[in-house]
Every structure is written in structure tokens, then in C-alpha cells.
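To start, the structure under review is shown below, and the notes come after it.
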Amino acid sequence: MNMPTTGISKFLDKLIRPIFDKHARSTTIIDGVDLIHRLEAYTTNGYLKPKTYLCTFDITDLYTMLPQKESLHILIEFLLQHGYQNVQNIPIDIIRKLALIVIKENIFACEKKFYRQVIGGAMGSVFTLTPANIFMWKWQKQLVHRLENCNEIYDRYVDDIFFTSNDSLESIDQISVPFLDVLIENRKGTLTTSVYHKEIAEPYGVPFGSGHLDHVFRNTVDTAITRAVSYSTTLSQFEEEMRQMKLMFLYNGYSSRHIHRLLTTLFSKYLSNYFILPMFNNSDDFDYLRHQLLTASTVTAYDKVTRTSTTNQTHDKNIQNHIQQPTNNHELIRRKRLIIHRRHEKDLRIIIDIFMNCGAKLSIKQRS
């Protein structure tokens with residue numbers, strides 16, 4: 001979103017988000033794999049009982065209903081409580097004034113009229129997520145303290161909250177709950193997880209005939225396979241998930257050969273090469289592969305989260321530097337020698353009209 005405060009918003013996000021990530025890690029969920037790790041530790045320590053409640057709820061309209069003045073006060077309280085009188089040599093009072101500008105001066109235009117947001121934060125603002133997270137840090141304090149004293153779990157992913165309880169809560173009568181894309185069940189004291197499917201989204205995915213690049217389709221299938229292994233507690237759950245997954249991809253135009261090839265790649269990466277077909281001989285092989293993926297996925301996901309702000313800032317600088325660099329004639333000639341791949345016949349006329357006299361070469365292929 002292009003607003004007058006965009007630059008300040010990016011600057012504050014890069015400044016404060018790493019601080020929040022550092023001090024709120026114990027109550028913050030990165031993804032479903034991260035949650036499964038914490039649930040398994042909870043079970044290993046003997047805290048999961050046959051009557052343990054698994055609870056989830058969400059905060060409605062967190063961004064748009066965020067109280068502006070209060071969220072600013074809580075932001076400063078968070079920094080002071082963790083010993084920050086200044087951040088990277090920027091005094092906390094300056095941070096407060098900059099945050100006030102971003103929160104209060106959200107101006108946008110609609111039908112030739114200018115509007116200013118007076119409640120909540122702008123959904124398109126980079127900095128909105130950080131005050132919202134810090135506001136939730138304050139709001140959840142009492143509940144977190146009570147649950148931690150009882151060795152329970154409390155985890156949050158933006159506005160989605162998951163926690164466990166061994167209290168006598170008459171209002172909670174469910175023993176299986178979906179959280180993010182994980183279905184969590186307490187089967188008489190045994191923790192079980194599997195992939196959660198939203199009815200509204202099934203059986204749709206990225207259609208294979210759409211105009212995306214090849215790596216999009218490859219990553220879509222690869223992610224689904226990895227999630228099936230990571231989230232399934234047992235081999236039978238994995239096999240059922242794979243059956244549903246294959247049907248979904250076939251429905252969306254993917255070939256069975258495409259899915260088989262990616263399964264084989266996954267098996268050869270983590271398991272012995274003696275697997276001729278991508279299938280498990282026993283549950284031990286599945287447990288080993290699942291352990292490998294759970295370990296690798298969490299480390300990778302956490303690294304991505306903690307690097308997000310820095311990466312965005314570096315990307316902006318790279319773009320700016322790239323624009324400012326002069327281009328010689330030799331470079332221009334080299335750039336004209338392109339092979340451009342398109343997938344839709346309706347795009348071919350556009351490509352021909354634009355690049356007919358530019359030395360471009362048109363390549364038409366059929367995806368297998």
C-alpha cells in the first residue's frame with residue numbers, strides 16, 4: 001500500500017519486530033510443525049492426560065479494531081519492560097513519535113476523496129502487525145501466567161490462539177480442535193495430529209493449467225507431501241492423507257507421474273536409495289522420515305521469520321541500486337537476446353506485437 005507513512009512504517013518494523021520476535025518466542029507459533037514440536041514435548045513430560053482439553057479461539061478483527069492510543073502506550077511499555085531506553089541509538093521518545101505518525105496518519109484516497117483511519121491499523125501497512133502482536137502480548141499476560149504455572153501450553157499465531165488445560169471447564173466439550181492447518185486430537189491421553197482440511201477450500205488448489213511458473217506447481221505438490229508426513233502421527237494417517245492429496249491434485253489437472261516423481265525425490269533425499277517405489281515398508285521408516293522433516297522444517301521456518309524484515313529492506317536497496325546503475329550498449333544488446341516462455345495462446349499475440357523487432361525468440365511447449 002502506497003501511503004505517505006510507508007517509509008516510516010518499514011523503518012519501524014525493521015527496528016522493533018526483531019525485538020518482539022526475540023522476547024515473545026515462547027508464546028509465538030511459527031507454523032504447524034512448530035506447534036507439533038511443543039505438543040510432543042508437552043506429552044513427553046507427562047502433562048497430557050486423558051481429560052486434557054485442547055482449546056482454540058481467534059480474535060475478531062484484530063487489525064481493524066486495534067485501539068490506536070492504547071496500542072501506542074503498550075508498545076512503549078513493552079520496550080521499557082525489556083530494558084530498551086533506545087533501539088540502535090534511537091531514543092524511545094523518537095520511536096514513540098514515529099509510531100504515532102504511522103498509527104494516526106493513515107491516509108488513503110477513494111473516489112477522489114481523502115480519508116483518514118481513526119480506528120485500528122491499516123491492513124497494508126508493514127508496521128501494523130508489530131503493534132498488533134505487542135498489544136496481544138499485553139492482553140494475554142494474565143492467561144499465559146496462569147497456564148504456565150500449571151505447565152500448560154499457550155501459543156499464538158497473530159490472532160489465532162491455542163492452549164491446553166487440565167482444569168474442569170464445563171464449557172469446553174471438544175477433544176479435537178483444528179489450529180492453523182493441523183488437526184489435534186487427545187485420544188485418551190495419546191496425542192494425535194493430522195492435516196486439517198477446511199471444507200470451504202476442498203478440493204481446490206492451484207490449477208495445473210494456470211499460467212504460473214513451473215516451480216509454483218512443483219512447490220505446491222512438494223509442500224503438500226512434506227506437510228502430510230510432518231503432521232501425520234501414524235503411517236495409516238499419512239496413507240489416508242496421501243490418498244486425499246492425490247485425488248485433489250488429479251482433480252486440479254496434475255498428472256500422477258508428476259506427484260510420483262516428487263515423492264521419489266523426497267524418499268531418496270531422506271531415506272536409503274533402495275526404495276524403488278515411493279512407499280513405506282513399515283512404520284519405522286515413516287517415523288524416521290517424519291522426524292527428519294520435523295527437525296528440518298522448524299529450523300528453516302524460524303530462520304525465514306527472523307530474516308523477513310532485513311530481507312525486505314535489503315531487497316528495496318538492491319532495487320534502488322539496480323536502477324541507478326548505468327547500462328552500456330553491449331548490455332542492452334545482450335538483454336535483447338531473450339527466450340520468453342508463455343503458456344496461454346491469448347498471450348502470444350501480445351508477445352509477438354511487442355517483441356517482433358527486438359530479437360526475441362518465442363518458445364511454445366506442452367507441460368507433461
| query | How big is D, in µm² s⁻¹, for the stretch 53-124 by Stokes-Einstein at 37 °C and 0.692 mPa s if Rh is the Kirkwood radius over C-alpha pairs? | reply | 229 µm²/s
| request: Please name which of SER165, VAL87, SER71 has its Cα lying farthest along the dipole of the stretch 6-195 towards the positive end, using unit charges on Cβ (Lys, Arg +1; Asp, Glu -1) and the Cα centre as origin. | output: VAL87
| request: Please report, in debye to the nearest 20, how large the charge dipole of the stretch 6-195 is about its Cα centre when each Lys and Arg carries +1 at its beta carbon and each Asp and Glu carries -1 there. | output: 640 debye
| request: Within the stretch 81-164, report the GluC sites (Glu not before Pro) that DSSP leaves as loop and that have at most 16 other Cβ atoms within 10 Å. | output: GLU105, GLU111
| Where labels lie 7 Å past Cα in the beta-carbon direction, separation of PHE57 and ASP160 in nm | 1.8 nm
| said: Amide H of VAL195 versus every other amide H placed in the peptide plane: which residues, excluding those fewer than 5 positions away on the same chain, fall under 5 Å? | reply: LEU183
| said: Please list, in order along the stretch 240-257, the HN-Hα scalar couplings obtained from phi with the Karplus expression 6.51 cos²θ - 1.76 cosθ + 1.60 (θ = phi - 60°), rounded to whole Hz, x for Gly and Pro. | reply: 5, 5, 5, 4, 5, 5, 4, 4, 5, 5, 4, 4, 8, x, 7, 8, 5, 5
| query | Could you list log10 I(q)/I(0) for the stretch 6-195 at q = 0.09, 0.12 Å⁻¹, which the Debye formula gives when each Cα is one point scatterer? | reply | -0.41, -0.67
| request: Report the net charge of residues surrounding LEU266, where surrounding means a beta-carbon distance below 13 angstrom and charges are Lys +1, Arg +1, Asp -1, Glu -1. | output: +3
| said: Using the Karplus curve 6.51 cos²θ - 1.76 cosθ + 1.60 with θ = phi - 60°, what ³J(HN,Hα) values do you get for each residue of the stretch 40-47, in whole Hz, with x for Gly and Pro? | reply: 5, 5, 4, 5, 4, 6, x, 8
| note | Surrounding charge for VAL144, neighbours by C-beta under 14 angstrom, Lys/Arg +1, Asp/Glu -1, total +3
| field | Listed peptides 9-20, 89-100 by packing density, highest first (mean Cβ within 10 Å) | value | 9-20, 89-100
| message | How charged is the neighbourhood of LEU98? Take every other residue with its Cβ under 15 Å from the Cβ of LEU98, and add Lys/Arg as +1 and Asp/Glu as -1. | response | +3
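A short reminder: the numbers here are calculations on the coordinates, not readings from a lab. Quick caveat: nothing in here was measured; it's all calculated off a predicted structure. Because the Cβ atoms are built from the backbone with ideal geometry, glycine has one as well, and the counts that use them run over all protein chains shown.
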